[in-house]
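> Please see the structure below; I have some questions.
The values are calculated or read from the model by the stated rules, or taken from the named source; none is laboratory data. Note that the structure is predicted; figures quoted are calculated from it, not measured. Note that each Cβ is placed from the backbone with ideal geometry, even for glycine, and that neighbours are counted across all protein chains shown. Please note that ligands, DNA and RNA were not included when accessible areas were found on the heavy atoms of the full protein model with its side chains. Shrake-Rupley method; radii C 1.70, N 1.55, O 1.52, S 1.80 Å.
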Amino acid sequence: MATKLPHTDVAIIGLGWTGAIVASELTAAGLDVVAIERGPWRDTARDFSIASVPDELRYVHRQELMLRTAQNTVTVRNDPSETALPMRNWGSFHPGNGTGGAGNHWAGITFRFQPQEFRLKSYLQERYGPTAISDELTLQDWGTDWNEMEPFYTAFDRIVGTSGKAGNLRGQIQEGGNPFEGPRSEEYPTKPLRQPYGPVLFAKAAAEMGYRPFPVPSSLISEPYTNPLGVTMGPCTFCGFCTNYGCANYSKASPIVNILPALVRRQNFTARTNSEVLKVLTDSTGKKATGVLFADTSGEEWEQPADLVVVGAFTFENVRLMLLSGIGKPYDPSTGEGTTGRNYCYQTANGVQLFFDDKNFNPFIGGGAVGMGIDEFNNDNFDHSGLGFFGGGSIRVTPIGAAPISYRPVPPGTPAWGKEWKKATVKNYLSAMSIGCEASSYATRNNYLSLDPTYTDRFGRPLLRITFDFPENDLKMAQYCTSKVADIARHMGPRQIVENPMKGHWNTVPYQSSHVVGGFIMGENPANSCVNKYLQSWDVPNLFVVGASAFPQNPGYNPTGTAAALAFKAADAIKNIYLKDPGPMVRT
């Protein structure tokens with residue numbers, strides 16, 4: 001029997017980016033908020049000191065900031081005919097844990113999606129014809145548009161102090177920025193980061209070939225910055241311990257750097273850490289959320305009653321909680337019916353490795369979001385007529401910093417150990433670099449999320465089951481875009497290049513990307529989506545499910561900026577529409 005706690009206005013599940021943003025916005029509006037986080041409280045000064053954070057063994061190999069698989073994991077398979085098996089170690093992706101969530105160990109790349117991405121199906125049909133999209137793909141519009149999203153992208157930029165150079169300022173193309181981005185209402189809050197040698201060399205070659213390179217938008221800031229909450233950040237020092245690590249310098253934006261220091265000072269905010277939500281509670285009709293049920297570290301259960309419930313966990317747990325709570329109809333790939341779990345998408349990681357004889361890149365200098373990129377082969381920025389696929393990728397050089405244990409760039413064919421391996425390591429360590437291409441992932445009928453019929457967690461609840469494989473569309477796109485990357489690489493004049501397009505079946509072992517999206521998607525119609533454009537559940541109007549779980553498909557960009565913008569959008573709708581007239585905010 002759960003112990004019932006005092007009532008609150010809002011219960012929020014998760015204190016990563018989306019949960020922290022919604023909590024900040026709603027407490028500022030005067031609402032009482034209780035946030036429930038399954039992991040520990042994290043603090044920069046205590047957890048990420050400069051003396052302890054550069055520890056590759058602790059943070060990369062032992063994955064200290066990640067969810068423990070003994071606590072919760074997923075089962076995986078490539079298609080519905082297979083039996084899924086549980087992931088015992090995180091490989092392909094890295095779910096975060098504790099306050100800050102994946103926002104602690106992210107790289108910090110902060111793209112905005114392009115305007116056409118929010119109406120992708122309609123846009124492609126208008127440009128290429130009503131039958132141009134293959135039957136393999138289940139693309140959908142988002143139910144929102146650029147004009148609705150832009151103010152909330154700007155709100156996130158102001159909170160994190162994004163470094164960059166505008167490419168499109170109020171409709172005017174700007175020299176030095178990304179000419180393909182949507183019209184911005186204002187310039188980036190901080191100027192672009194200084195660039196290491198590798199990105200400079202790449203940008204020079206790209207410009208000589210007629211492309212328009214730009215500094216990658218970065219939440220690693222270039223200069224001191226104080227955000228609207230009064231939190232001050234310091235400039236990035238290019239220490240190279242960024243992706244998979246917390247930031248000791250207060251230079252990489254994260255919820256624990258940019259929001260929680262202000263949030264914890266508010267009397268109407270409460271955080272309950274080391275507490276795992278078991279389900280969202282509803283009344284007898286199933287149409288009204290009454291609160292959440294959670295368990296603490298001793299296994300004792302608690303009920304938190306609330307007028308509003310906001311689910312802001314990682315993509316996987318957002319979807320799993322909805323399935324466990326009976327919210328929406330589970331998706332069935334055999335019929336195409338149901339919405340909870342549909343349109344699960346990943347990202348398509350590609351790249352080209354370059355080996356030089358006469359260069360010194362000092363690879364230990366870097367940061368997760370320091371670099372230069374081009375967008376000529378991303379999304380629909382190039383003509384897809386006759387190519388047999390849609391989508392594309394963001395091509396960029398972002399030297400994240402050479403990990404002391406893992407970074408050993410040697411050409412294919414080099415022995416894996418011994419004298420020849422040592423010689424090759426010495427020869428190539430300083431003079432190798434890579435050009436990455438983080439590319440789109442489009443939805444198909446058989447890629448989806450569901451509850452596993454066999455495996456359970458420590459509370460006896462079914463694990464989330466991932467059914468995913470790379471669509472033929474995405475594999476063709478990967479080959480094409482990687483060939484364009486290779487053209488730039490050859491122009492840079494290396495001794496040798498190695499092309500690495502995504503190919504074959506999805507493999508859970510090597511790390512590829514933590515950009516997992518979809519499963520509880522937004523849209524215009526409750527027949528094929530779970531939440532409306534305000535992230536409000538179609539079925540339970542006082543329930544909001546916020547995060548990358550709302551993406552109907554994944555473009556060739558990092559998702560954090562858009563997930564955060566959606567959190568600002570949901571909070572704005574709650575404050576300015578829902579509280580004045582509780583109920584469905586979109587009528588169908």
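> Per 10 Å bin, what is the whole-percent P(r) computed from every C-alpha pair distance within segment 164-234?
Values per bin, smallest distances first: 19, 42, 31, 7, 1.
> Also: How large is the helix-only mean residue ellipticity at 222 nm for the chain, computed as the sum of -39500 (n - 2.57) over DSSP H runs with n ≥ 4, divided by its residue count, in deg cm²/dmol to the nearest 500? Write out the running numbers ahead of the final one.
On the way: 12 runs with 119 residues, N = 588.
For the chain, the value works out to -6000 deg cm²/dmol.
> In the chain, with Lys and Arg counted as +1 and Asp and Glu as -1 at Cβ, which of these residues, PRO330, GLY391, ALA489, has the Cα nearest the positive end of the dipole, that is, farthest along it?
ALA489
> What size of dipole, in debye to the nearest 20, comes out for segment 336-443 about its Cα centre when the only charges are +1 on Lys and Arg C-beta atoms and -1 on Asp and Glu C-beta atoms? Don't jump to the answer; show the numbers that get you there.
On the way: 8 positive and 9 negative charges, 153 e Å.
That gives a dipole near 740 debye.
> In whole Hz and in residue order, list the ³J(HN,Hα) couplings for segment 305-317 that follow from phi through the Karplus curve 6.51 cos²θ - 1.76 cosθ + 1.60, θ = phi - 60°; x for Gly and Pro.
x, 7, 6, 10, 10, 10, 9, x, 8, 5, 3, 4, 6
> Name the residue from ASN318, ALA102, GLN174 whose Cα lies farthest towards the positive end of the charge dipole of the chain, charges +1 on Cβ of Lys and Arg and -1 on Cβ of Asp and Glu.
Selected residue: ALA102.
> What does the charge add up to near GLU56, with Lys and Arg as +1, Asp and Glu as -1, over the other residues with Cβ less than 15 Å from its Cβ? It would help to have the intermediate numbers written out before the result.
Numbers: positive: ARG58, ARG62, ARG408; negative: ASP55, GLU64.
Computed value for this residue: +1.
> Compute the distance from the alpha-carbon center of segment 568-588 to that of segment 369-398, in whole Å.
36 Å
> Charges at C-beta only: +1 for Lys and Arg, -1 for Asp and Glu. How large is the resulting dipole of segment 126-204 about its Cα centre, in Debye rounded to 20?
Details: 8 positive and 12 negative charges, 139 e Å.
Roughly 660 debye, rounded to the nearest 20.
> In addition: Suppose each label sits 7 Å from its Cα in the direction of the beta carbon; what would the LEU229-SER52 distance come out to in nanometres?
Simple spin-label model gives 2.3 nm for this pair.
> What accessible surface, in Å², does a 1.4 Å probe find on ARG408, ignoring ligands, DNA and RNA and rounding to the nearest 10?
In the full protein context, ARG408 sits at about 90 Å².
> Another question about this same structure. Expected output is a single nm value to one decimal: the length gained when fully extending between ASP332 and SER185, i.e. 0.36 nm times separation in residues minus the C-alpha distance. What is it? Mind showing how you got there, number by number?
Values: separation 147, 0.36 × 147 = 52.92 nm, distance 4.18 nm.
48.7 nm is the gain from fully extending ASP332 to SER185.
> Please list VAL76, VAL280 from largest to smallest accessible area, probe radius 1.4 Å, with all protein chains kept in place.
Numbers: VAL76 25, VAL280 0 Å².
Largest accessible area first, the list is VAL76, VAL280.
> Check which residues have an amide H placed less than 5 Å from HIS94's amide H, if you skip close sequence neighbours.
Result for HIS94 returns SER514.
> Rank these residues by their accessible area, most exposed first, probe 1.4 Å: ARG458, ARG266. Before the final figure, lay out each step's value.
Numbers: ARG458 130, ARG266 60 Å².
Greatest to least solvent exposure: ARG458, ARG266.
> Rg and Dmax of segment 362-495, Cα atoms, in Å?
Cα radius of gyration and Dmax of segment 362-495 are 20.0, 57 Å respectively.
> State the Cα centre-to-centre distance between segment 18-93 and segment 436-483 in whole Å.
19 Å
> Give the residue from MET149, ALA2, LEU201 lying farthest towards the positive end of the charge dipole for the chain; charges sit on Cβ (+1 for Lys and Arg, -1 for Asp and Glu) and the dipole is referred to the Cα centre.
Comparing the listed Cα positions along the dipole, LEU201 ranks first.
> Here is a further query. Could you work out Rg/(2.2 N^0.38 Å) for segment 1-104, with Rg from alpha carbons only? Before the final figure, lay out the partial values.
Values: Rg = 17.5 Å, N = 104, 2.2 N^0.38 = 12.8 Å.
So the Cα radius of gyration is 1.36 times the expected 2.2 N^0.38 Å.
> Also, I was wondering about something else. Which net charge results for the neighbourhood of MET502, defined as the other residues with beta-carbon distances under 13 angstrom from its beta-carbon, given Lys and Arg at +1 and Asp and Glu at -1?
Details: positive: LYS476, LYS503; negative: GLU438, ASP469, GLU472, ASP474, GLU499.
In short, -3.
> In addition: Take every DSSP beta bridge whose two residues both sit in the chain, then give the antiparallel share in percent to the nearest 5. Each step should come with its number before you reach the end.
Working: 54 of 81 bridges.
Here the share of antiparallel DSSP bridges comes out near 65 percent.
> So how much slack lies between ASP145 and ALA416, counting 0.36 nm per residue of separation and subtracting their Cα-Cα distance, in nm?
Values: separation 271, 0.36 × 271 = 97.56 nm, distance 5.05 nm.
The ASP145-ALA416 span can extend by a further 92.5 nm.
> What are the residues whose amide H is under 5 Å from the amide H of THR110, where those residues sit 5 or more places off or on another chain and H is modelled from the backbone?
Correct list: SER218, SER219.
> In whole angstrom, note down how far apart the Cα centers of segment 224-254 and segment 273-329 are.
Segment 224-254 and segment 273-329 have Cα centres spaced 33 Å from each other.
> Could you compute the net charge surrounding PRO399? Neighbours are other residues with a C-beta less than 13 Å from the C-beta of PRO399; K and R count +1, D and E count -1.
Details: positive: ARG194, LYS359, ARG396; negative: none.
Combined, the nearby Lys, Arg, Asp and Glu give +3.
> Between helix 560-573 and the chain, what is the angle of the helix's C-alpha long axis to the longest principal axis, kept within 0 to 90° and rounded to the nearest 10?
30 degrees
> Can you give the accessible area of THR508, probe radius 1.4 Å, in Å² rounded to 10?
Solvent-accessible area, nearest 10 Å²: 40 Å².
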